[in-house]
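For reference, the structure is listed below as structure tokens.
The values are calculated or read from the model by the stated rules, or taken from the named source; none is laboratory data. Here the structure is a predicted model, which is why all the values come from computation and not from measurement. Because the Cβ atoms are built from the backbone with ideal geometry, glycine has one as well, and the counts that use them run over all protein chains shown.
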Amino acid sequence: MNLDSMKDILAAARREDKPLWEIILETDMENRGVTREESMEKMAQAWHAMLDASASYDGRRHSASGLVGGQGEQMRAYAAGDPICGNFAAEVITEALCMGESNACMRRIVAAPTAGACGVMPAVLIPLYRRDNISEERMLQAMYVASGIGAVIAYKACIAGAAGGCQAEIGSASAMAAGALVTLRGGTAEQVCHAVAMALKNLLGLVCDPVAGLVEVPCVKRNVIGAMNAMAAADMALAGIESRIPVDEVIDAMGDVGRRLPVEFRETALGGLAVTPTGKAVKERMMGSRNKNRTLTIKDARWKLQRTGPAN
């Protein structure tokens with residue numbers, strides 16, 4: 001079964017009188033040649049990995065660059081008070097920061113759909129799972145919906161910052177998360193599509209401009225925006241608000257915008273924040289550190305060669 005658009009998934013759900021997640025599950029079974037149990041076990045592994053990544057966050061860790069680390073812990077402490085956006089939203093922000101930092105610190109995360117956007121889905125799903133005591137079965141159903149959305153975006157447009165800018169990474173993750181949230185709240189298939197469309201529209205044209213070429217600044221904090229955007233889009237869709245532009249047309253537009261983005265704004269670190277005075281200074285510092293380490297490595301190798309002689 002080829003489901004190359006949200007329209008195809010929606011049509012299949014109506015034709016077979018099944019929920020979206022069931023259609024996507026059956027498509028996975030057919031495409032990968034696996035049983036229902038095997039498909040669900042694979043999805044459960046991804047969900048458990050998200051939970052494990054959340055539980056193993058350590059605010060004492062910092063990335064090798066020193067740009068990232070400890071901010072999730074800072075936000076958690078602040079969220080215990082009286083945050084402007086409320087306790088639940090503050091928890092979402094905290095989770096997004098923690099997951100993004102874990103990625104920068106080379107910890108195990110779930111690329112959903114990419115490592116750079118790994119914080120968006122867990123940021124909205126894990127706090128809701130804990131607060132509302134949602135069953136794992138329902139969480140997996142939401143994950144299937146999210147994966148189907150991601151697959152369509154990857155097919156029709158792209159999910160890589162190098163190909164389509166940050167709209168392709170954080171934007172796609174936000175759309176996936178929005179669809180998952182609508183599913184968890186019992187929304188209709190049509191509402192899922194409207195949530196996806198609105199989430200993508202809100203981040204259309206977002207550039208990818210990593211400082212020093214690292215997936216740290218501004219990437220980690222953009223995970224926060226993706227998560228907050230997903231909640232807003234989901235709530236609007238559940239309220240009955242519709243996207244005036246159909247979801248597949250929005251995805252096509254995102255793909256077109258990505259192709260038209262100058263190369264400087266597609267993960268090359270040649271534009272945007274990466275070329276600000278501070279961004280350039282960070283890069284120069286990082287390059288200086290690398291060159292110093294490389295020089296030390298060469299000296300160590302020469303010293304070893306002098307002591308042991310050349311290898312036979």
**Prompt:** Looking at (1) under 25 Å from GLN141 (Cβ atoms); (2) over 16 Å from the mean Cα position of the chain (by Cα); (3) of a type outside the set (Ser, Thr, Tyr), which is the one condition that is false for LYS201?
**Reply:** (1)
**Message:** If I filter the range 241-264 down to residues being outside any helix (DSSP H, G or I) and either out of contact with any strand residue (DSSP E or B) (no Cβ under 9 Å at 6 or more places or on another chain) or among the aromatic types (Phe, Trp, Tyr) (or both), which single residue comes out as surrounded by the most Cβ atoms within 10 Å (Cβ to Cβ)?
**Reply:** SER243
**Request:** Within the range 17-34, count every residue that is part of a helix (DSSP H, G or I), under 13 Å from ALA189 (Cα atoms) and not aromatic (Phe, Trp, Tyr).
**Result:** 4
**Asked** Does ALA189 fit the bill of being buried (at least 24 other Cβ atoms within 10 Å of the Cβ) and not charged (D, E, K, R)?
**Response** no
**Asked** Any idea which residue in the range 1-16 is surrounded by the most Cβ atoms within 10 Å (Cβ to Cβ), counting only those that are touching a residue at least 60 places away in the same chain (Cβ under 8 Å) and in a loop (DSSP other than H, G, I, E, B)?
**Response** LEU3
**Request:** Restrict the check to the range 35-42 and report whether at least one residue is of a type in the set (Ser, Thr, Tyr) and either in contact (Cβ under 8 Å) with a residue 24 or more places away in the chain or outside the structural domain of ALA154 (by TED's automatic domain parsing) (or both).
**Result:** no
**Asked** Only one residue in ALA233, ALA189, ALA163 is in contact with a Lys or Arg (Cβ under 9 Å, 6 or more places away or on another chain) and closer than 30 Å to ALA64 by Cα, so which one is that?
**Response** ALA163
**Message:** Let me confirm something: among ALA180, ALA123, ALA160, which residue is more than 21 Å from HIS48 (Cβ to Cβ) and among the aliphatic types (A, V, I, L, M)?
**Reply:** ALA160
**Complete:** If we ask which residues in the range 114-172 are over 23 Å from GLY258 (Cβ atoms), β-branched (Val, Ile, Thr) and surrounded by fewer than 24 Cβ atoms within 10 Å (Cβ to Cβ), their number turns out to be 2
**Asked** Residues LYS280, LYS304: which one is of a type in the set (Lys, Arg) and modelled with pLDDT of 95 or more?
**Response** LYS280
**Request:** Would you point out which residue out of GLY100, GLY81, GLY59 is small (Gly, Ala, Ser), assigned to a loop (DSSP other than H, G, I, E, B) and surrounded by 12 or more Cβ atoms within 10 Å (Cβ to Cβ)?
**Result:** GLY59
**Message:** Of the conditions (1) surrounded by fewer than 24 Cβ atoms within 10 Å (Cβ to Cβ); (2) β-branched (Val, Ile, Thr); (3) more than 30 Å from ARG138 (Cβ to Cβ), VAL211 satisfies every one except a single condition; which number is it?
**Reply:** (1)
**Asked** Got a sec? Which of ILE134, ILE170 is more than 18 Å from VAL217 (Cα to Cα) and either over 13 Å from the mean Cα position of the chain (by Cα) or not charged (D, E, K, R) (or both)?
**Response** ILE134
